1. Across segment 195-228, which residue is surrounded by the most Cβ atoms within 10 Å (Cβ to Cβ) among those that are in a helix (DSSP H, G or I) and over 20 Å from the mean Cα position of the chain (by Cα)?
2. Return the pair list, or none, for Cβ contacts closer than 6 Å from residues in segment 26-37 that are farther than 12 Å from LEU60 by Cβ to residues that are part of a strand (DSSP E or B) and among the aromatic types (Phe, Trp, Tyr), at least 6 apart or on different chains.
3. Please work out if ILE236 is crowded, with 22+ Cβ neighbours inside 10 Å and not in a helix (DSSP H, G or I).
4. Only residues that are among the hydroxyl-bearing types (Ser, Thr, Tyr) and either surrounded by fewer than 12 Cβ atoms within 10 Å (Cβ to Cβ) or more than 22 Å from the chain's Cα centre (by Cα) (or both): list them for segment 39-73, please.
5. Quick check on this structure: which one of ILE82, ILE36 is farther than 23 Å from GLY140 by Cα and within 20 Å of the chain's Cα centre (by Cα)?
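Values in this text are rule-based calculations from the coordinates and carry no lab data. Here the structure is a predicted model, which means the values were calculated and not measured. Counting neighbours? That spans all protein chains shown, and the Cβs are built from the backbone with ideal geometry, glycine included.
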Amino acid sequence: MANLVIDIGNSFIKFAIFEADKILFTEQYQQVENEIIEKLIIEFAIKKAIISTVQNNEALWLSYLQNKVKVVYFNRGMTNGIINHYKTPETLGLDRLAAIMGAKYLYPNKSALIIDGGTCITYDWIDDQGNYYGGSISPGLHMRFKALNNYTSALPLVQIANDFNEDFGNDTKSAIQSGVQNGIKYELEGFINNYKNNKQEFNIILSGGDGIFFDSLLKNSIFAPCIKIEPQLVLIGLNAAILNYND
């Protein structure tokens, strides 16, 4: 029996199908049609689905899915094994909670700094006992490029340069690439150093759409041996939640 896991984010709707803890299928969509749901249900014999969403709208395909299989919405009461010390737990994003769940599921007895590179960059710490105290949120990679263009009259919209490896730019385009990409690199190193100086040994888990790019920024750093790439960490956490859900 397969589980359908759905993460509705700000930009994309991510689907994954799990059999126990094995990922059988992943895909992301900007729009979902009923035909997609029907095809997946038939092909993988889906009986149960879990959904995490940052949006408030009730799309038609969600109603269609609920009429086909048992649907559970991920909530803050489904974080088995996580001791949440966040002062305002009701404001903690469900995507961040799911990533924390994923880290705990994959590395149950190891502390972790989870860095998720999506629309925003989030930094979340969980210790080896499952204690979560909080984290940090900063503008994401693409958001930074767009902000420089949107909030100025002269700066162009610049794209990521995967081959940019300079300390500074020598024209406007490369100066923006340096500011954004080196800025994120120094930010990553700063946060990691802060936890390294104050915490025990831990994993650095990079996830989200920009996780692999972040790995390239850190590949020559002293932190490289501690880095784990888990692009599907949120989906893994959601699957862990539904595996523990018996209602």
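1. Within segment 195-228, the first condition is being in a helix (DSSP H, G or I), and the residues that meet it are 195-198, 211-218, 224-226.
Filter once more, keeping what is over 20 Å from the mean Cα position of the chain (by Cα): 196-198, 225.
Details: LYS196: 17, ASN197: 7, ASN198: 8, PRO225: 7.
Here the residue is LYS196.
2. Taking only residues 6 or more apart or on different chains, the pairs are GLU27/PHE15.
3. Working: crowded, with 22+ Cβ neighbours inside 10 Å: yes; not in a helix (DSSP H, G or I): no.
Spelling it out, it is not the case that ILE236 is crowded, with 22+ Cβ neighbours inside 10 Å and not in a helix (DSSP H, G or I).
4. Going through segment 39-73, the residues among the hydroxyl-bearing types (Ser, Thr, Tyr) turn out to be 52-53, 63-64, 73.
Within segment 39-73, SER63, TYR64 qualify.
5. Numbers: ILE36 fails: within 20 Å of the chain's Cα centre (by Cα).
That would be ILE82, the only listed residue that is farther than 23 Å from GLY140 by Cα and within 20 Å of the chain's Cα centre (by Cα).
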